[in-house]
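So that we are looking at the same thing, I have put the structure below in structure tokens.
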Amino acid sequence: MFILNQYQSAPIHSQSNEEYLITQVWQLKHIFFNEISAIKNINLEYLAFSKPFAEAFKFDEMLLDRPISALTMIEQEIIQQERQILIDKTLHDSIYQFKPEPNIEMYLMRKRPLINPVTGDCVGILILAAKLDIAKQRRIVLRYLLGKQINAESVLAPAEFTEQQQQILSCMLLGFQQRKDIA
């Protein structure tokens, strides 16, 4: 990470694991409040989640500090995955698919172990989620490749594709897979 010199190091106070977890919850409340975010402890109980998280997954405050029972196979897999994050202290990205009526919703779930820098202990998991809207993302890329995006060069570098290459990419983004279909 690159950090401006005057912000390079802050003194590490001797924080217990509980104090470190409280600091992380504070950051969730004040930094990630408008994100789909949550924090679980080492028992995989929710300590905090943002309002967008609660709305996305139909949660309420009754789930705080309570073990979640794994009723389905998917829930059991999620719990196993989160236990492994705690053990290995590794990052994990996955896509979850939920089927609230009437649409299927997909979320990119980024799970990060919360490791106390003083003790080196993993004290919980930070969960950051983002709703995936593949059609919307396809349209943005398609507009860019076709040169229809306003101020595209301010967001992305100009495409270095020929017109024919752009057409081929557009067909692929639209779902065409066979060469004869693209031709």
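Is there any pair with a first residue in segment 41-68 that is part of a helix (DSSP H, G or I) and a second that is at pLDDT 85 or above whose Cβ atoms are under 6 Å apart and which are 6 or more apart or on different chains, and what are they?
What qualifies is Pro52/Ile36; Phe53/Ile36; Phe53/Ser37; Phe53/Ala38; Ala56/Ile36; Leu63/Tyr46.
So Ser9 passes all but one of these: (1) over 18 Å from Glu82 (Cα atoms); (2) outside any helix (DSSP H, G or I); (3) at pLDDT 85 or above. Which condition number does it fail?
The one condition Ser9 does not meet is (3).
Considering only residues that are crowded, with 16+ Cβ neighbours inside 10 Å and of a type in the set (A, V, I, L, M), which ones fall in segment 26-53?
Leu28, Ile36, Ala38, Ile39, Ile42, Leu44, Leu47, Ala48
Between a residue in segment 21-33 that is free of Cβ contacts under 8 Å to residues at least 24 places away in the same chain and any residue that is open to solvent by less than 100 Å² (accessible area, probe 1.4 Å) and aliphatic (A, V, I, L, M), which pairs come within a Cβ distance under 7 Å, given they are 6 or more apart or on different chains?
Listed pairs, sorted by first residue: Val25/Ile39; Val25/Leu47; Val25/Ala48; Lys29/Ala48.
Of the residues in segment 30-40, how many are part of a loop (DSSP other than H, G, I, E, B) and of a type in the set (A, V, I, L, M, F, W, C)?
Summing the residues that are part of a loop (DSSP other than H, G, I, E, B) and of a type in the set (A, V, I, L, M, F, W, C) in segment 30-40 gives 3.
Here is a yes/no grid of residues against (1) under 19 Å from Glu82 (Cα atoms); (2) in contact with a Ser or Thr (Cβ under 9 Å, 6 or more places away or on another chain):
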position: Val25; (1), (2): yes, no
position: Phe32; (1), (2): no, yes
position: Asn43; (1), (2): yes, no
position: Phe49; (1), (2): yes, yes
position: Lys58; (1), (2): no, no
position: Leu64; (1), (2): yes, no
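In the set Leu47, Leu91, Leu63, Leu4, which member is farther than 27 Å from Ile134 by Cβ, modelled with pLDDT of 85 or more and hydrophobic (A, V, I, L, M, F, W, C)?
Leu47
In segment 54-98, what residues are surrounded by fewer than 10 Cβ atoms within 10 Å (Cβ to Cβ) and among the small types (Gly, Ala, Ser)?
Within segment 54-98, Ser69 is the sole residue that qualifies.
The values are calculated or read from the model by the stated rules, or taken from the named source; none is laboratory data. Quick caveat, the model's predicted, so the values are computed rather than measured. All Cβ positions, even for glycine, are placed from backbone atoms using ideal geometry, and neighbour counts span all protein chains on display. Protein only, heavy atoms only, side chains kept; ligands, DNA and RNA dropped before computing areas. Shrake-Rupley method; radii C 1.70, N 1.55, O 1.52, S 1.80 Å.
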